[in-house]
Amino acid sequence: MTKVLIAGGGVAGTATALALHQAGIASVVYEAHTSGGDDAGAFLTVMANGMAALELIGAGQSVIDASYPAAAVELFSAEGQHLQHRAIEGVARTLGRATLYRVLQELAVARGIPVVHGKRLVSAAADGGGVEVRFADGERAQGDVLVGADGIHSLTRRFIDPQAPAPRYTGQHVVYGYADGNPAGSAPDAYHMVFGKQAFFGFTAPGDGRTWWFARITGASRPGRTSADQWRREALEAVREDATPAAAIIEATGGDVVGGDSYDIPTTPKWYSDRIVLVGDAAHAASPAAAQGASMALEDAVALAAALREQPEPAAAFAAYSERRRAQTEETVAASARMGAGEA
Ligand SMILES: Cc1cc2nc3c(=O)[nH]c(=O)nc-3n(C[C@H](O)[C@H](O)[C@H](O)COP(=O)(O)OP(=O)(O)OC[C@H]3O[C@@H](n4cnc5c(N)ncnc54)[C@H](O)[C@@H]3O)c2cc1C
């Protein structure tokens, strides 16, 4: 294996490049966005399994340095009653999605891995000897294999199987925001989560002077453009009746709000063809409830690089990789869907 092309410079793509680098395999990351992912305004938690994968690719400390500890979840009812304390197992960290992209991309560049922005993959043609891809700007690139790390709405998935199931709307919108201060006085390493009457509301005040919050609201899909202010008002409306700090937190939030429909992919029948393979959300997207999407993407990266190191024939390596990852990821996607239904 002399050269791997990677479509997508998010969590899965950049982590795959770092893992391949450790395995002595060269790759190039092609990211559609012109910047490092500043638009990815949501935050996420990398769980212990994801942190273990980061350690394996030499990225653990960099992510720790750019993130906050997540040690416990405190569950509350809509009436404000404390229902349960749940410790989060092992080392888990909270950080912005854009921060995670940036940290991984900076590590890749520091290790000499090319990360090329503004390159949107539009086609791929594979033959027995390799793969040629074309980008929206008309440029082309050749490699031995293509890794599709292009996220939940993956185009690469359709190159492998034009009949691949489309992402499924989970029935929830997710709104993320950042409030000034810590109106609820919560501990820095705890998530407070409320089973509200109309929304599942979570927040943490990790120590940067703000409260990071999300609201998962059940409702019909709304794929069109919704402004930050509309999302904020909708979230506020959904938590108004609850006797919790949720409304005060949303009221202390300015324009720093993003929202959107939440999707998952219960199964992707074909993860690979002879020269093309999927990683991360492109293969198996989970709804946000289990907080496992990024962690699974990181585990995929490690597993794919190990398979390509051990097995030089691409299709055999891809088969070993998907054999290793498929059942576990599909189980997590299903578990997350059940959790989301429980919230609703
Ligand atoms: C709102 C929200 C909250 C979440 N919360 C959590 C959480 O708490 N914990 C957790 O583990 N996970 C969480 N996730 C899931 C997590 O963000 C994803 O599972 C993870 O980012 C998947 O990584 P990925 O690299 O597969 O996809 P992405 O991170 O989406 O990256 C895909 C990349 O591919 C690029 N791309 C797309 N098409 C092309 C193309 N044609 N050519 C080139 N580049 C392309 C995109 O620009 C993007 O940078 C959340 C997701 C969302 C949306």
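The values are calculated or read from the model by the stated rules, or taken from the named source; none is laboratory data. Here the structure is a predicted model, which means the values were calculated and not measured. Note that we place each Cβ from the backbone using ideal geometry, even for glycine, and neighbour counts take in every protein chain shown. Remember, those area values only see protein heavy atoms, side chains included, never the ligands or the DNA or RNA. Shrake-Rupley method; radii C 1.70, N 1.55, O 1.52, S 1.80 Å.
Conditions (1) under 19 Å from the mean Cα position of the chain (by Cα); (2) over 30 Å from residue 66 (Cβ atoms); (3) of a type outside the set (Gly, Ala, Ser), marked per residue:
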position: 163; (1), (2), (3): no, yes, yes
position: 169; (1), (2), (3): yes, yes, yes
position: 188; (1), (2), (3): no, no, yes
position: 201; (1), (2), (3): no, no, yes
position: 238; (1), (2), (3): no, yes, no
position: 249; (1), (2), (3): no, no, yes
position: 254; (1), (2), (3): no, no, no
position: 266; (1), (2), (3): yes, yes, yes
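Residues of segment 250-259 that are touching a Gly at 6+ places or on another chain (Cβ under 7 Å), of a type outside the set (A, V, I, L, M, F, W, C) and either closer than 30 Å to residue 162 by Cα or open to solvent by 30 Å² or more (accessible area, probe 1.4 Å) (or both): 256 alone.
Checking the stated criteria, residue 296 turns out to be open to solvent by less than 20 Å² (accessible area, probe 1.4 Å), under 23 Å from residue 152 (Cβ atoms), within 14 Å of the ligand (Cβ to nearest atom) and touching a residue at least 24 places away in the same chain (Cβ under 8 Å).
Scanning segment 206-219 for residues that are of a type in the set (Gly, Ala, Ser) and within 20 Å of residue 240 (Cβ to Cβ) returns 215, 219. In this structure, is residue 210 surrounded by 15 or more Cβ atoms within 10 Å (Cβ to Cβ), of a type in the set (Lys, Arg) and within 16 Å of the ligand (Cβ to nearest atom)? No. Being closer than 30 Å to residue 200 by Cα and buried (at least 16 other Cβ atoms within 10 Å of the Cβ) is a description that does not apply to residue 342.
Can we say residue 262 is out of contact with any Cys (no Cβ under 9 Å at 6 or more places or on another chain), open to solvent by less than 30 Å² (accessible area, probe 1.4 Å) and touching a residue at least 40 places away in the same chain (Cβ under 8 Å)? Spelling it out, residue 262 is indeed out of contact with any Cys (no Cβ under 9 Å at 6 or more places or on another chain), open to solvent by less than 30 Å² (accessible area, probe 1.4 Å) and touching a residue at least 40 places away in the same chain (Cβ under 8 Å).
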